[in-house]
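The values are calculated or read from the model by the stated rules, or taken from the named source; none is laboratory data. Since the structure is predicted, the reported quantities are computational estimates derived from the model, not experimental observations. When we count neighbours, we look across all protein chains shown, and the Cβ atoms used for this are built from the backbone with ideal geometry, even at glycine. Only protein heavy atoms, including side chains, enter the accessible area calculation; ligands, DNA and RNA are left aside. Shrake-Rupley method; radii C 1.70, N 1.55, O 1.52, S 1.80 Å.
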Amino acid sequence: MTNEMDEERLVSGEAWRDFCDRLKATGESILQSGFPTAPGDRAEGFRWLTRLISHATQLEVEAGDPQFPFFIRYETPHNQWGGPNPDNIYLRANLDPTRDYRVWANVRDVRQGIFSLNEGEMQLGEFGVFSERSLDQFEISEDGQLEIWITKDEHSGNWMPTHPKGRLLTIRIFQSDWVNDAAHPFHIERVGAEGIPRTPLSAEFMTRALDRSATWIERTGAFWNQYTTAGWNRATPNEIAAAKPAPGGADNILYGSCFFELEVGQAMVIECEPPDAEYWGFSLHTLAWLESGDFADRQTSLSGHQMHL
């Protein structure tokens, strides 16, 4: 589609109407078979949809220009999808694989972090993970300063090579000890754009951002309910599956799962040996929406530092 066609779609209102129609259709899908029907579940479902809208538009509209990137935080208590870990601070920025970038932060008292270039989202069928590094693999100055170069050509210092499919920089900062583990701000800039103000918003950019947002919402709205339903159908209730890497996730993160089914008055007790890992923990997720619950105000998870051995 040409720039002129994109501009006309926005100016005429067609792009916005298409966006709204696609949102309406996604909302209707939550009313179909396979999704829970109880009033409380329906309320959670439509709240989930508003959270998907919030994330998609923030990533694609507000932070969608890889020429002037910045980090957005997602998987917060009020912005959840895909089973977030309450012990992670998740950051993401859009990148242009043909460009070079510099990332910096003070990481004093940060426990651990994982940095990766992602092709996209598993719900979009984009599983590629490139140039993955953990925080302890980088050189950090004595005062805690970290600087990372994401470039096509090898760079001195901390270097992550770009990849033709690596369009998202994802950072996971681990806070196993919520009181003492730090999570400082991260910054990013495109090399060559230092001090240059962002370009004015164009009609062409807005049209494409709305289209990308609608696609992300549609695919995500359908995927995670199917994902958990398939997991339930494969699983034996109340039996824990072995932990293993997930396609599209970090290679050095292992995910175990247990689908539980308890009667009123019953409880499930989980016992295990502490794993040989820098971080480990347990978290609850909703079956229909794969959210981590109200982890800002309720106990929905336990990290290795929060549990008593």
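When each of GLY40, GLY64, GLY113 is tested for being part of a helix (DSSP H, G or I) and at negative phi, the lone residue that passes is GLY40.
The requirement of being of a type in the set (Lys, Arg) and touching a strand residue (DSSP E or B) at 6+ places or on another chain (Cβ under 9 Å) is fulfilled nowhere in the range 14-33; no residue meets it. Note on the range 241-272: residues that are open to solvent by less than 80 Å² (accessible area, probe 1.4 Å) and either among the basic types (Lys, Arg) or assigned to a strand (DSSP E or B) (or both) total 4. Of the residues making up the range 208-240, not one is more than 23 Å from PHE282 (Cβ to Cβ) and in a loop (DSSP other than H, G, I, E, B). With respect to the conditions (1) out of contact with any Gly (no Cβ under 6 Å at 6 or more places or on another chain); (2) crowded, with 17+ Cβ neighbours inside 10 Å; (3) among the aliphatic types (A, V, I, L, M), LEU290 falls short on a single one, namely (1). Pairs needed: first member in the range 224-247, farther than 24 Å from ALA267 by Cβ; second member anywhere, assigned to a strand (DSSP E or B) and open to solvent by 80 Å² or more (accessible area, probe 1.4 Å); C-beta distance under 6 Å; at least 6 residues apart or different chains. These pairs meet every condition: ALA246/TYR255. Among the residues that make up the range 97-107, is at least one of them within 20 Å of ASP181 (Cα to Cα) and either surrounded by fewer than 21 Cβ atoms within 10 Å (Cβ to Cβ) or among the hydroxyl-bearing types (Ser, Thr, Tyr) (or both)? Scanning the range 97-107, I find at least one residue that is within 20 Å of ASP181 (Cα to Cα) and either surrounded by fewer than 21 Cβ atoms within 10 Å (Cβ to Cβ) or among the hydroxyl-bearing types (Ser, Thr, Tyr) (or both), so the answer is yes.
Quick check on my filter: what residues within the range 72-88 are open to solvent by 20 Å² or more (accessible area, probe 1.4 Å) and not small (Gly, Ala, Ser)?
Those that are open to solvent by 20 Å² or more (accessible area, probe 1.4 Å) and not small (Gly, Ala, Ser): ARG73, THR76, PRO77, HIS78, ASN85.
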